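Nothing in this text is a laboratory measurement; each read-out follows from the coordinates by a stated rule. Remember, it's a predicted structure, so these values are computed and weren't measured experimentally. Don't worry about glycine lacking a Cβ; one is built from the backbone with ideal geometry, like all the others, and counts go over all protein chains shown.
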Amino acid sequence: MNAVKAALRNPPLLTFVLVALVWLVAGLTLRGFGAYGHLRYLLELSAVIGIVAAGQTLVILMGGIDLSVGAVITVTAILLPLISPDFDPTGGIGIVLTLAIASGIGFINGAGAAYLKVPPIIMTLAMATFLQGMLVIVAGGSAVSVTNATVIWLGQARPFGIPAGVLLWIAVSIVMLLIIHRMPAGARFLALGANPLAARLSGVSVTRNTLLLFTLSGFFAGLAGILILGMNRQGYVGIGDPYLLTSIAAVVLGGTSILGGRGTYAGTIPGAILLVTTTALITVVNASPGWRSIMFGALILGLLLISGREARR
Amino acid sequence: MTNSMPLLEARRVFKGFFGNPVLKGVDIALEPGRVHALLGENGAGKSTLINLLSGALQPDEGDVVVDGHPVSRFSPAAAREAGIAVVQQELSLAAELSIAENIGLGASPRRFGLIDYGKLATSVAEVCERVGLTEPLDMPVGDLPLGRRQMVEIAKALYRKPRVLILDEPTSSLSAHEAGILADLIRKLRDEGIALLYISHRLNEVQALCSHVTILKDGVVTADQPLAGVDNEGLVRLMVGRDAGDLFPPRLEGATGAELINLKKFSAGLARDIDFHASAGEIVGIGGLVGQGQEDFLLGLYGAIPASAETSEISGDRGPFKSVETANAAGLAYIPADRKHEGLVLPHSIASNLLLPSLGRLTKHGLRDRAAERDLVADLARRLTIRGDVDRAVQALSGGNQQKVALAKWLPLEPSVLLLNDPTRGVDIETKREIYLMLQSFAREGKLVILLSSDTPELVHLCDRVAVFREGRVVATLAQSEISEEAIVGAAMGVSTKGAAA
């Protein structure tokens, strides 16, 4: 009984349990769901959301939100093939450049929030709109194909049978958990999220940490964009759009407070898997796209009521 | 008058939270035309008793009795109906609404279902005059300083024409002048036959206003008697259950060291053209009515709000600090008055709050050194006698212990200048003494302590020098031999010319 109560108070654990239950039930009832190939595919999709949601988790922990992650993904997916130089067979230069641009976009978001005091929700929404306009001008309506070797490897290779994207996600998860739980910066983010004034008067720099957070969010969105490009082999306008809401939903499903100050990436990880699994289950149901969207929205609400709801304050 | 039937009583009430008994069979009777004092240390059960008397909580056992009739299910609505009004210690005003709207909230006169603003204004103006609120009634409450908001809160209670008025620490944020108005008002209400319950940590006020006292200690009544013939020491003894000795420790005579602060024409926020200097080993007091620029002066020194100065030297650094981090690096630390909103991250643990300023110092290869952090937290908790599990949320602590956490978190940085903003507000006597002793030991170790306080006796008994603020300027700097309550209050109110600005 006590163990159950403890689990109910521990959102990351609760979300993990929920994922396990859903997989178990679906695996026993739906043919093909429990196949290794199918589960691996679900994890591959989760990896993308998990990596976008990494930056989102940090920003939300500090009480902000980043509405530009979808646009940043699209920017990286379209820009990378265009700026990868031909003389570099590995494609490393293109990746570094693209990640620098994605981080730069995040930095500008942070600068707007920190110096101009624009609320993050407005700043990042404006940034997303701005980027979408730029993309239409740069890329037009056409899709660009990727030839960058490293990107293709990342999207397609399976060392030891594990997709490279999942390996990348594991690496990102380790880094994220270290930042939040083992580095001074993580404790500062949480303090700023829970009480910015008290944190500032305790010598925590609001400016520096805001810049850092949004830069990280841009970086992780860029990383996810590269992975999506590798999996898709093509970049086009709108490729990143589905990841904005899913990244926020994964964070909240994992029990992180949307108001900031409380939460962990350990919850976002099962949050992302749960989200992808739910989508897959809905796809199995034979329904029109409209109904699928409605079911998806209703299911997210239902899941939030079970796991990710705000704890009583 | 005093032998009439009580308007409101609690009879043998018990109340516990999560298995912890807070009130263990408490009796109290509020009679018309009497100012009744309720005393007790923080955590003694005063707030719980008030909540029972005002219907916010239900007793586990025992009765709340109105006009001699036990009430079975007492609710806030029933309490209002019975004419019971409470002025809470924590303000319950809506910052965006005007003074008039706040006072009338929930009890506004209606016409055709809409608020009758004309009628509201006249009836509110009447109450405001009684409490000495002269601000325009359409002014948003958020624009008022803390002390004036407290007066609005009192006006709000009076607007409902109560028969029983409960005042929970009404003067903790009031200036001496406002406290005086309130005292006159309380006497007037008493003479009108209202039953008053007065809760305060300031014993001189209690002595001046009240005629009967109930003292709570750990949920039990230790005294229920007329106040006449009991002196302050006697009251303190009843509260702490032993001889507390003097509240203030004896003054220390120490040599002052090097000059740490020297300001010419320093301005920040409301504070204008301040000339100020202070040296290591001193305790310098900042006095004056509430909201005369004292807080902005400290925040400006601390780099938390923009400041300017003709010449300035703070801890060997030129020019006012541009950010809190540079001030911290130069050895300054600030303990805010509003510990719940400015001093502490309430939902986080005691340990994380204690570690926040020193996070960057306890690292190994860029990662937090858990062992070193644990040692530091244990050491701080021991030095400040913060008992219990340090992983509890800091909001679970009593006010006094919260203040200790807000102070203790700076110790690892070994600051050379401590800026304190009303550190003993709403703190029990035992913790007050601990804080006073701590401030003295800081000064003895050669640190500079700047103590802003709204509690004048504190300034008198602890400080080597007191700068008195009025309308943003230092109007008097009193040397130790000149410090007295009269001199400070006089300068603050502009009635004395003694001790010209130095």
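Give the long-range amide H neighbours of residue B:86: residues separated by 5 or more places, or on another chain, with amide H under 5 Å away, using H modelled in the peptide plane at 1.01 Å from N. Result for residue B:86 returns B:166. All other residues whose Cβ lies under 15 angstrom from that of residue B:309 are scored, Lys and Arg at +1 and Asp and Glu at -1, for a net of 0. In this simple spin-label approximation, residue B:471 and residue A:21 carry label points 7 Å from Cα along the Cα→Cβ vector, and these lie 6.9 nm apart.
Evaluating kT/(6 pi eta Rh) at 4 °C and 1.567 mPa s, with the Kirkwood radius of the protein assembly as shown over Cα pairs in the Stokes-Einstein relation, gives 43 µm² s⁻¹. Sorted ascending by nearby beta carbons within 10 Å, beginning with the fewest, A:145, A:217 become A:145, A:217.
Structural descriptor for chain B: relative contact order 15 percent, calculated from alpha carbon pairs under 8 angstrom and at least 6 residues apart.
Packing order of peptides A:207-214, B:130-137, highest average first: A:207-214, B:130-137 (average count of other Cβ atoms within 10 Å over each peptide's residues). Using a Debye calculation, one point per C-alpha and no hydration shell, please list log10 I(q)/I(0) for segment B:1-118 at q = 0.10, 0.12, 0.18 Å⁻¹ in order. Per q value, in the given order, log10 I(q)/I(0) is -0.40, -0.55, -1.01.
As a proxy for reagent exposure, ranking B:201, B:277 by other Cβ atoms within 10 Å from fewest up yields B:277, B:201.
For segment B:360-413 versus segment B:163-182, the inter-centroid distance based on Cα atoms is 35 Å.
Using alpha-carbon positions, what is the distance between the centroids of segment A:63-79 and segment B:125-140, in Å? With segment A:63-79 and segment B:125-140 each reduced to a Cα centre, they are spaced 52 Å. The Cα-based radius of gyration and maximum Cα-Cα distance (Dmax) for chain B are 23.9, 75 Å.
Of all DSSP bridge pairs formed entirely within the protein assembly as shown, close to 60 percent run antiparallel.
Beyond 19 Å, the tail of the calculated P(r) for segment A:194-246 holds 48 percent of the Cα pairs. Model label points for residue B:308 and residue B:256, set 7 angstrom from Cα along the Cα-to-Cβ axis, are 2.9 nm apart.
How shielded is B:355-367 by partner chains, expressed as the average number of their Cβ atoms within 10 Å of its Cβ atoms?
The per-residue average across the peptide is 4.
Think of it as helices only: each DSSP H run of n ≥ 4 in the protein assembly as shown is worth -39500 (n - 2.57), and spread over all residues that comes to -14500 deg cm²/dmol at 222 nm. First measure r as the distance between the Cβ atoms of residue B:484 and residue B:160, then evaluate 1/(1 + (r/R0)^6) with R0 = 30 Å and state the FRET efficiency to the nearest 0.05. The value I calculate is 0.15.
Here the translational diffusion coefficient of segment B:437-495 follows from Stokes-Einstein with Rh set to the Kirkwood radius across Cα pairs; for 37 °C and 0.692 mPa s it amounts to 273 µm²/s. Here residue A:282 and residue A:121 are evaluated by their C-beta separation; at R0 = 35 Å the FRET efficiency comes out at 0.75. With the highest mean first, a sort of the peptides B:401-411, B:425-435 on other beta-carbon atoms found within 10 angstrom per residue produces B:401-411, B:425-435.
Shape call for chain A from the C-alpha gyration tensor, a ≥ b ≥ c root eigenvalues: rounded (a/c under 1.5), prolate (a/b greater than b/c) or oblate? In terms of gyration-tensor shape, oblate. Prolate is the label for segment B:54-160, because a/c, from the alpha-carbon gyration tensor with a ≥ b ≥ c as root eigenvalues, is 1.5 or above and a/b exceeds b/c.
Take every residue in peptide A:190-197, count the Cβ atoms of other chains within 10 Å of its Cβ, and give the average of those counts. Average neighbour count from other chains, rounded to a whole number: 5. The mean of 1/r over all distinct Cα pairs in segment A:147-301, once inverted, gives the Kirkwood hydrodynamic radius of 17.7 Å. A Förster radius of 25 Å, combined with the Cβ-Cβ distance separating residue A:31 from residue A:233, puts the computed FRET efficiency at roughly 0.25.
The ranking of A:127, A:231, B:493, A:62 by Cβ neighbour count inside 10 Å, starting from the fewest, reads B:493, A:231, A:127, A:62. Taking the charge dipole of segment B:8-240 about its Cα centre, with +1 at Lys and Arg Cβ atoms and -1 at Asp and Glu Cβ atoms, the residue from B:236, B:72, B:108 reaching farthest to the positive side is B:72. Taking the longest Cα principal axis of chain B as reference, the axis of helix B:429-444 is set at about 10 degrees. Round to a whole angstrom and tell me the spacing of the C-alpha centers of segment B:273-342 and segment B:79-116. Between the Cα centre of segment B:273-342 and that of segment B:79-116, the gap is 38 Å. Taking Cα atoms of segment B:8-240, Rg/Rh with Kirkwood Rh, to two decimals? On the Cα set of segment B:8-240, Rg over Rh gives 0.98. Sorted largest first, the principal axis extents computed over the alpha-carbon atoms of segment B:345-413 equal 37, 23, 18 Å. Annotation for segment B:285-388: GluC sites (Glu not before Pro) lying in DSSP loop with at most 16 further Cβ atoms inside 10 Å of their Cβ are B:310.
Which semi-axis lengths, in whole Å and largest first, follow from the square roots of five times the eigenvalues of the Cα gyration tensor of segment B:182-291?
Sorted largest first and rounded, they come to 40, 23, 10 Å.
Residue by residue along A:200-212, Cβ atoms of other protein chains within 10 Å of the local Cβ number 6 on average.
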